[in-house]
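Worksheet: one structure, shown below.
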Amino acid sequence: MSLVRLHTFIEVYRQRSISAAARALNLTQPAVSQHINGLEVAVGRPLFERQVHGVVPTAAADDLAADIGSSLDIAESALSSARARSMDVSGTLQIIGHADFMAEKLSGELLPLLESGIRVHMHTGDGSLVAQMVLEGHCDLGITAHAITDERLKGEVIFRDRVIAVASPQVAHRLQQATDFANGLINEPLLAYDLKLSLIDHWLDKNRIPYQTLLPTVVGQDLRGQRSLLCRGFGWTVMPEFLCREQIAQGDLVTLPAPVGDTEIRYHLLWLPSALRQPRIAHARQVLIRQLKSSATDD
């Protein structure tokens with residue numbers, strides 16, 4: 001089996017579409033169909049059932065994909081990185097992620113890319129938008145704190161941090177004086193990332209604090225806004241430690257005691273495997289993984 005046919009098979013298998021795979025591979029639809037037909041002849045079994053809208057993998061295709069595993073992605077990534085070292089990688093990189101992480105964590109790690117001639121355009125969005133923008137090709141790389149559930153995407157954890165409850169010293173003192181910490185906490189104004197209480201729910205669950213009727217007073221998807229209100233003595237929230245470490249050191253905020261323990265957040269870098277054929281994207285992926293993992297170690 002030729003490597004080209006296997007690459008084509010994997011892309012069709014991921015996309016569930018001949019036309020989408022053709023666009024991702026920069027091939028014509030007849031060329032993709034020809035590669036698949038040749039592979040079906042080689043294995044002696046049909047690999048896809050053609051339908052009006054896309055294709056459905058057969059059991060033989062599932063078996064072949066399982067046998068291949070991630071070996072093609074690994075080989076392709078290594079080849080793209082090698083090409084990047086010997087080619088001009090200048091151009092524009094489109095990257096999307098959470099606004100607060102992009103501003104306070106990612107920006108400081110972009111220097112190696114900028115020095116190599118890459119222009120960086122940063123876009124902001126939450127988990128679902130990040131995945132959608134990468135899948136549709138509008139962005140080359142994405143950063144999300146949400147689990148990657150779409151099998152067409154690949155990802156790697158690039159940063160982990162402790163998630164803590166924080167408030168101003170005044171609010172913290174008031175909670176220390178309360179006869180029931182959990183009840184006092186629930187009755188203070190809550191600042192949240194979203195109405196689903198992302199991050200907050202896991203912290204409250206771990207610390208066995210009921211919150212079924214809890215409604216946030218402020219909702220915003222950039223936790224730096226919540227941090228500003230906290231420093232003015234209003235409310236409490238739960239956030240990654242990197243977003244409030246400086247304010248805690250300055251005495252503007254304090255960590256609220258966790259009855260059981262704090263939780264953890266993981267940020268993932270995600271990409272489309274086919275995008276790594278572009279040396280610029282492969283190089284940027286490799287650099288950002290190295291830089292962000294190194295910054296986590298330094299912290």
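All distinct Cα pairs of the chain go into the 1/r average, and the inverse of that average, the Kirkwood radius, is 21.7 Å.
Applying 1/(1 + (r/R0)^6) with r as the Cβ-Cβ distance of Asn37 and Asp150 and R0 = 25 angstrom yields a FRET efficiency of 0.35. Against the main long axis of the alpha-carbon atoms of the chain, helix 279-298 sits at an angle near 30°. Shape class for segment 94-163, computed from the alpha carbon gyration tensor (a ≥ b ≥ c): oblate, with a/c not under 1.5 and a/b at or below b/c. Computed from Cα atoms, the angle from the helix 29-43 axis to the main principal axis of the chain rounds to 80 degrees.
Counting 0.36 nm for each residue step from Glu136 to Ile68 and taking away their Cα separation leaves a gain of 22.0 nm. Here the chain is treated with +1 on each Lys and Arg Cβ and -1 on each Asp and Glu Cβ, and its dipole about the Cα centre works out to around 460 debye. Mean-square fluctuations from a GNM of the chain, with a 10 angstrom spring cutoff on Cα atoms, peak among Arg280, Arg152, Arg45 at Arg45. Largest mean-square fluctuation among Gly235, Gly69, Gly225, in a Gaussian network model of the chain whose springs join Cα atoms under 10 Å apart, belongs to Gly69. Tell me, what % of the accessible area of the chain is carbon and sulfur with a 1.4 angstrom probe? The C+S portion of the solvent-accessible surface of the chain is 51 percent. Per-residue ellipticity at 222 nm, computed for the chain from helices alone with -39500 (n - 2.57) per DSSP H run of at least four residues, works out to -13000 deg cm²/dmol. Summing charges over all other residues whose Cβ lies under 11 Å from the Cβ of Thr92, with Lys and Arg as +1 and Asp and Glu as -1, gives +1. Among the lysines of the chain, pairs that are 8 or more positions apart or on different chains and have alpha carbons within less than 22 Å of each other number 4.
Treating each Cα of segment 148-299 as one equal point scatterer and applying the Debye formula with no solvent, the log10 of I(q)/I(0) at q = 0.20, 0.21 Å⁻¹ comes out as -1.21, -1.30. Using alpha carbons only, how many degrees (0 to 90, rounded to 10) separate the axis of helix 71-86 from the longest principal axis of the chain? Long axis of 71-86 versus the principal axis of the chain: about 90 degrees. Exposure here means at most 14 other Cβ atoms within 10 Å; with GluC sites (Glu not before Pro) in a DSSP loop as sites, the longest stretch of the chain lacking them is 152-299. Looking at the chain, the DSSP beta bridges with both ends there are about 65 percent antiparallel.
The values are calculated or read from the model by the stated rules, or taken from the named source; none is laboratory data. Since the model is a prediction, treat every value here as computed from it, not as a measurement. All Cβ positions, even for glycine, are placed from backbone atoms using ideal geometry, and neighbour counts span all protein chains on display. Note: areas computed on protein heavy atoms with side chains; ligands, DNA, RNA excluded. Shrake-Rupley method; radii C 1.70, N 1.55, O 1.52, S 1.80 Å.
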